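Since the structure comes first, as structure tokens, the remarks are kept for the end.
Since every read-out is calculated from the coordinates, none of them should be taken as a lab result. Just so we're clear, the structure is a prediction, and the values are computed from it rather than from any experiment. FYI the Cβ positions are ideal-geometry reconstructions off the backbone, even for glycines, and counts take in every protein chain you see.
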Amino acid sequence: MTFNAASVAEQCVRLPQDLPDLEWITDDVRVNRLSSDFSWFSPVLRRELAGKRANIAVKPRSHEELSRVVSRCARAGIPLTIRGAGTGNYGQSTPLHGGVVVDMSALNQSLWFRDGIGRAQTGIRLADFDALAHDNGAELRWLPSTFRSATLGGLFGGGFGGAGSINYGPVAAIGNVLGARVLTVEPEPQALELRGAEAMLLHHAYGTNGIVTELEIALAPAQAWLECITTFDSFAAGLSFADALARAPGLVKKEVCFLADPVPGYLQPLAEYLPRGCHAVLFLLSEASEPGMLALAKEAGGTVTYRRTSEEVRATKKTLIEYCWNHTTLNALKCDKSLTYIQSNFDPGEYIQQATTLQESLSDEVFMHLEFLRNAAGALTCSGLQIVKYSTEERLNEIMQIHRDHGVRINNPHAFVVEDGKQGQVNAAAVRMKERLDPMGLLNPGKLRGWDQRTVLA
């Protein structure tokens, strides 16, 4: 389906008149804000998405209101972009063809907890859902660094995992997401329940192939986490400690993050714990695991410079999680706006050698940041969120290719098309799901290349 900008704009003007009891957002400042996310991390996306915005936004307060918006837009052929808190980095929230941004944040109810499983509406903030899970003796299996503002639906639609992925893998690992309630984009929208693998066809698809209104996820037993920083004089010693800590089967942990010099210097609020020129490991582990961790740190020649109990973290509301994952990038950009980043997946059997080789060849312009985790198959590995001294787009592409040449997969964060980022190729099953749930192609159009190729897909 093609979209005429003038016609879309004209149809959007009528929406508040046709549905006057809904919460419509029309002022330019708010519409612009709701039409963007953290894609400004990328100088490439900053350029390519400049000037792209919705014509209007709406904040449905119930499933019934959402259904009425979807029905009206389907009848008029108006594009829809589904938005959580806008903490993504790929331009998921930026409409390429105008239309309506649907702010899902008011659909934020926790529905139930039982037997290690929780279910909630997708607009719920992860911090709120995690707090409610704790009231039921559980916690979320993963917390991205954006957990205070990010929504459950946003993590599912555009996220990867976070703290906890060292135990449970990414969101995509089988058994993490059990079911989803979705709303079809039709003149008469239908609510459907998808389970297991079917539900996962909507994961990390930027809201291009379905509107997810509820998610049912597996939880982890609640733990009291000790938060620590250990610093090292050498790259090799710091990386070795991080690897040993991540591998140790008897040490219970939730997060292991390795930051090579000069990255620790960008974490200004933690400056007193990060000596100039150090390499650092930030981690969360159970208090019972502290003696084992201290033995590993001593063996590697590390110094524990920061230690906070779970009670201290709760009292201060300051957690090291917010200096890991892409919050590391955010802190670096606060210091130097010329920086950018890449996302990479290291090989489970080769990550130490890969990281060491890349550090030796690229350390002047690529600063190592590794997150230890289990991949979807359960193997221990690293995901990289390396910080890059940006010069040109051509050099940025060369850097990503150098990683590929060393066997490191790149999830390109400088592309807004689903297949050019994490997926890497057209997923025919995800496209078929879009045909089922969004037959007119109104959801976030222009972001799913497979939609334009659907007639030739097997």
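Give me P(r) over the range 5-103, computed from all C-alpha to C-alpha distances, binned every 10 Å, as integer percentages.
Binned Cα distances yield the sequence 17, 50, 27, 6.
Principal axis extents for the range 306-353, Cα atoms only, whole Å, descending order, please.
38, 33, 15
Whole-Hz Karplus ³J(HN,Hα) for the range 266-283, in order, using 6.51 cos²θ - 1.76 cosθ + 1.60 and θ = phi - 60°, x for Gly and Pro?
Values, residue by residue: 7, 8, 4, x, 9, 4, 5, 9, 10, x, 3, x, 7, 10, 10, 10, 9, 7 Hz.
Only four residue types carry charge here, +1 at the Cβ of Lys and Arg and -1 at the Cβ of Asp and Glu. Report the dipole size of the chain about the Cα centre in Debye, rounded to the nearest 20.
560 debye
How tilted is helix 63-76 with respect to the longest principal axis of the chain? Cα atoms for both, answer in degrees (0 to 90, nearest 10).
60 degrees
What ³J(HN,Hα) values, in whole Hz, does the Karplus curve 6.51 cos²θ - 1.76 cosθ + 1.60 give for the range 88-95 when θ = phi - 60°, with x put for Gly and Pro?
x, 10, 10, x, 4, 8, 9, x
State, in angstrom, two size descriptors of the range 287-442 derived from its alpha carbons: Rg to one decimal place and Dmax to the nearest whole number.
Using the Cα atoms of the range 287-442, the pair Rg, Dmax is 19.3, 61 Å.
Taking 8 Å as the Cα distance limit and 6 or more residues as the minimum spacing, I'd like the relative contact order of the chain as a percentage. Kindly include the intermediate steps, with their values, before the conclusion.
Values: 1017 pairs, mean separation 73.3, N = 458.
Taking the mean separation of contacting Cα pairs over the length of the chain, I get 16 percent.
Add -39500 (n - 2.57) for each DSSP H run of 4 or more in the chain, then divide by its residues: what number comes out at 222 nm, to the nearest 500 deg cm²/dmol? Intermediate values should be presented prior to the final figure.
Values: 16 runs with 147 residues, N = 458.
Dividing the helical sum by the residues of the chain leaves -9000 deg cm²/dmol.
Please identify every one of the trypsin sites (Lys or Arg not before Pro) in the range 349-458 that sits in a loop by DSSP and has no more than 11 other beta carbons within 10 Å of its own beta carbon. Display every interim value, and only then the final one.
Numbers: sites: 374, 389, 395, 404, 409, 422, 432, 434, 436, 447, 449, 454; in loops: 422, 447.
Sites meeting the loop and neighbour criteria: none at all.
Kindly put 194, 274 in sequence by how many other C-beta atoms sit within 10 Å of each C-beta, fewest to most.
Least crowded to most crowded, the residues run 194, 274.
List the relative contact order of the range 100-193 as a percent without decimals, with contacts defined as Cα pairs under 8 Å and 6+ residues apart.
Working: 125 pairs, mean separation 17.2, N = 94.
Averaging sequence separation for qualifying contacts and normalising by length gives 18 percent for the range 100-193.
Which lysines, if any, have their Cα less than 22 Å from the Cα of residue 298, not counting same-chain residues under 8 positions apart?
Within reach: 253, 254.
What's the long-distance tail for the range 99-166, i.e. % of Cα pairs beyond 13 Å?
Roughly 63 percent, once rounded to a whole number.
Amide H of residue 306: which non-local residues (sequence gap of 5 or more, or other chain) have their own amide H closer than 5 Å, using H built in the peptide plane?
Hits under the 5 Å cutoff: 229.
For the range 305-458, what does the relative contact order come out to in percent, with C-alpha contacts under 8 Å and a separation of six or more?
In percent, rounded to a whole number, it is 20.
For the range 110-221, what are the per-bin percents of Cα-Cα distances with bins 5 Å wide, up to the bin holding the maximum?
2, 13, 24, 27, 20, 9, 3, 1, 0
Using the alpha-carbon atoms, what tilt in degrees (0 to 90, nearest 10) does helix 290-300 show relative to the longest principal axis of the chain?
Between the helix axis and the principal axis of the chain, the angle is about 70 degrees.
When we measure straight from the Cα of residue 59, which lysines land under 28 angstrom away, once same-chain ones fewer than 8 places off are left out?
434, 447
What is the set of long-range amide H partners of residue 341 at a cut-off below 5 Å, with H atoms built 1.01 Å from backbone N?
Close amide H contacts, sequence-distant or interchain: 388.
Just checking the chain: which Cys have no other cysteine's beta-carbon under 4.7 Å?
Lone cysteines by the Cβ rule: 12, 73, 228, 278, 335, 382.
Over the chain, consider all pairs of different Cα atoms and compute the Kirkwood hydrodynamic radius from their mean reciprocal separation; express it in Å, one decimal.
In the chain this quantity evaluates to 22.7 Å.
Cross-link candidates for residue 389: which lysines have Cα within less than 18 Å, leaving aside residues fewer than 8 places away along the same chain?
Straight-line reach from residue 389, under 18 Å: 334, 337.
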